[in-house]
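Chemist: Take this structure first; my questions come after.
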Amino acid sequence: MIALNINGQEFEFTVTVAIYNQYINEMQPNNKVTPAHNFLMRSIKPEQKDDFKTVMELPGAPIQIAAKIIEEYSPDLEITVGK
């Protein structure tokens, strides 16, 4: 569970590998907002959906919120290239 405080309201998101992968698979070079919106609506705590829809109407909100959740969800990996 990832909790975010957005404009004074706390929202809870549960991200799974399936939800994350679906988000990444939906991303297209010319379509970023719809996949972010869908990702957030799939992962928001069900009883918070109605309140969250109001936040999602703010310009740029889906992209900003999705970025914060992805940042928190994704592990920090140490990757090196072997030669």
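Chemist: Looking only at residues that are at pLDDT 95 or above and out of contact with any helix residue (DSSP H, G or I) (no Cβ under 8 Å at 6 or more places or on another chain) in region 22-52, which one is nearest to Glu72 (Cα to Cα)?
Modeler: Lys45
Chemist: Also: Select, from Thr14, Thr80, Thr54, the only residue that is free of Cβ contacts under 8 Å to residues at least 24 places away in the same chain and surrounded by 10 or more Cβ atoms within 10 Å (Cβ to Cβ). I'd like the intermediate steps shown before the answer.
Modeler: Details: Thr14 fails: free of Cβ contacts under 8 Å to residues at least 24 places away in the same chain; Thr80 fails: surrounded by 10 or more Cβ atoms within 10 Å (Cβ to Cβ).
Selected residue: Thr54, the only one of Thr14, Thr80, Thr54 that is free of Cβ contacts under 8 Å to residues at least 24 places away in the same chain and surrounded by 10 or more Cβ atoms within 10 Å (Cβ to Cβ).
The values are calculated or read from the model by the stated rules, or taken from the named source; none is laboratory data. Since we're looking at a predicted model, the values are computed, not measured. We place every Cβ from the backbone using ideal geometry, glycine too, and count neighbours over all the protein chains shown.
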